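Beneath this line is the structure, given in structure tokens, with notes to follow.
The values are calculated or read from the model by the stated rules, or taken from the named source; none is laboratory data. These numbers come from a predicted model, not from an experiment. We place every Cβ from the backbone using ideal geometry, glycine too, and count neighbours over all the protein chains shown.
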Amino acid sequence: MTHLAEGKLSADRPAATRQAATRQAATRQAEAERLGRLLLRAQAGDRGSLHAIVAELTPLLWHVARGQGLGHDDAEDVVQTVWLSLVARLVAIETPAALTGWLVTAVRRESWRVRRAGERTRSADAEELEHRADPAEPAEEQVLAEERRVMVRDALGRLTPRCAQLLRVIAFADRPDYDLIAQALGMPRGSIGPTRGRCLAKLREVLTADPHWRTLCP
Amino acid sequence: MSMTGEPPSAAELGPIDAVDLAILDLVEDLYTARDPVPDGLLERIFFAIELVGLEDEVARLEADRFDRAGVRGTERSRTVTFDSESLTIVIQATTTGATVRVDGWLAPPGARPVRLRVGERDLRTEADQLGRFVLADVPHGLAQLIVEAPPGQPPEAARSVVTMAVML
């Protein structure tokens, strides 16, 4: 169920990049189907498949917890607790979409609970989007990647916190799940997917108006 | 979807296209670089879910605090509280040299088998009628408590309580 509207693409990006993005969308779709097969095998007791699901969805859940304002330790605890709870009710999960929706909802609720609980004494670190160099990347690539990140960070900074939080989580999601994840985060229906929605439209507007957009993202 | 009361713009109503997906990839790249999933978190999750059975109760971490340093020199002690639907588990972990002594309490109290998984080890003891248990000479490492159902329960009521894994 790809909604890619090739014909509607403006001259924003050249054809080669467009094709790359189409391939990427197809990959995302295939990933969702793969998740469905893993879920069936995990329910039948296959540890490897369960581990593959955990590895696949933990980044999404990490960013849900961090997006809710939790510090590192609290976010780790919440993600781990939610996985434990999931395993204890794994057979009741019927589809990959239900799996993702349940996990995101559980992390959000658990994050609220932890934030409310004043007695927790684990330290909360302020979120810092500071630069961490990746030694594996060649220097020139690093500089470009870093400039791109600064541009995206600044653009996100011009959105409402709620919008920035939604896009942060959605960026780690499979495309068919955008709408259900937005709802699991408490956003109104139609916030994102299948239409662009207000948050992504705003980010796109800010980014494409950035003078660096064309040079950094040819 | 407008949340400001203004009608949605044409851009908002447009379908997600390749440019949008490329932008989301940039957002993903930003957060992957700046706030990655911590090293070792996956391994800690794999350890924690290893023995969780269907229908087991999960006990979440409620509090984890280091006790005030005592006068006993090298001893360090920490109190960790886990909470599940039916059970509260409090442990005091006292480090003496290379090992840890774990004093535990169950509330509501009851004689139940208690397992402490730590690293590759699986230590077993019993809580007494008052819900107290002790495990001495516990090695340091990632640890998880499993409190089994009291003996003699019908299978449908024999739920274990499994805590999340913490470093001891």
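Out of the residues in segment B:30-59 that are more than 7 Å from chain A (Cβ to nearest Cβ) and more than 25 Å from B:Leu116 (Cα to Cα), state the one that is nearest to the chain's Cα centre (by Cα).
So the residue we want is B:Pro36.
Which of the residues spanning segment B:131-165 are outside any strand (DSSP E or B) and either closer than 20 Å to B:Arg60 by Cα or touching a strand residue (DSSP E or B) at 6+ places or on another chain (Cβ under 8 Å) (or both)?
Applying the first criterion (outside any strand (DSSP E or B)) to segment B:131-165 yields B:131, B:140-141, B:148-160, B:164-165.
If the condition is that a residue be outside any strand (DSSP E or B) and either closer than 20 Å to B:Arg60 by Cα or touching a strand residue (DSSP E or B) at 6+ places or on another chain (Cβ under 8 Å) (or both), then B:Gly131, B:His140, B:Gly141, B:Glu148, B:Ala149, B:Pro151, B:Ala158, B:Arg159, B:Ser160, B:Met164, B:Ala165 are the ones that fit.
Which of the residues that make up segment B:112-137 are touching a residue at least 24 places away in the same chain (Cβ under 8 Å), buried (at least 20 other Cβ atoms within 10 Å of the Cβ) and away from chain A (no Cβ under 14 Å)?
B:Arg112, B:Val114, B:Leu116, B:Val118, B:Gly131, B:Phe133, B:Leu135
What do you reckon, is A:Leu166 more than 10 Å from chain B (Cβ to nearest Cβ), buried (at least 18 other Cβ atoms within 10 Å of the Cβ) and outside any helix (DSSP H, G or I)? Walk me through how you get there before you give the answer.
Working: more than 10 Å from chain B (Cβ to nearest Cβ): yes; buried (at least 18 other Cβ atoms within 10 Å of the Cβ): yes; outside any helix (DSSP H, G or I): no.
Against the criterion (more than 10 Å from chain B (Cβ to nearest Cβ), buried (at least 18 other Cβ atoms within 10 Å of the Cβ) and outside any helix (DSSP H, G or I)), A:Leu166 does not qualify.
Test B:Ser86 against the criterion of being within 14 Å of chain A (Cβ to nearest Cβ) and at pLDDT below 95, and give yes or no. I'd like the intermediate steps shown before the answer.
Details: within 14 Å of chain A (Cβ to nearest Cβ): yes; at pLDDT below 95: yes.
Yes.
Could you identify the single residue in A:Arg18, A:Arg13, A:Arg23 that is surrounded by 17 or more Cβ atoms within 10 Å (Cβ to Cβ), within 11 Å of another protein chain (Cβ to nearest Cβ), in a helix (DSSP H, G or I) and modelled with pLDDT under 95?
Just a single option satisfies the conditions, and that option is A:Arg18.
Does A:Arg120 fit the bill of being in a loop (DSSP other than H, G, I, E, B), at pLDDT below 95 and under 30 Å from B:Val58 (Cβ atoms)?
yes
So A:Ala145 fits all but one of (1) touching an Asp or Glu at 6+ places or on another chain (Cβ under 9 Å); (2) in a helix (DSSP H, G or I); (3) modelled with pLDDT of 95 or more; what number is the exception?
(3)
Could you look through segment B:9-20, keep only residues that are touching a Ser or Thr at 6+ places or on another chain (Cβ under 9 Å) and farther than 11 Å from A:Gly193 by Cα, and pick out the one that is farthest from the other protein chains (Cβ to nearest Cβ)?
B:Ser9
Just give me the residues in segment A:76-105 being touching a strand residue (DSSP E or B) at 6+ places or on another chain (Cβ under 8 Å) and either more than 8 Å from every other protein chain (Cβ to nearest Cβ) or in contact (Cβ under 8 Å) with a residue 12 or more places away in the chain (or both), in sequence order. It would help to see each step written out before you state the result.
Let us first name the residues in segment A:76-105 that are touching a strand residue (DSSP E or B) at 6+ places or on another chain (Cβ under 8 Å), namely A:77, A:81, A:84-85, A:88.
The answer is A:Asp77, A:Thr81, A:Ser85.
Return the residues of segment B:40-63 that are within 16 Å of B:Leu168 (Cβ to Cβ) and crowded, with 17+ Cβ neighbours inside 10 Å; say none if nothing qualifies.
B:Arg44, B:Phe47, B:Ala48, B:Ala59, B:Leu61
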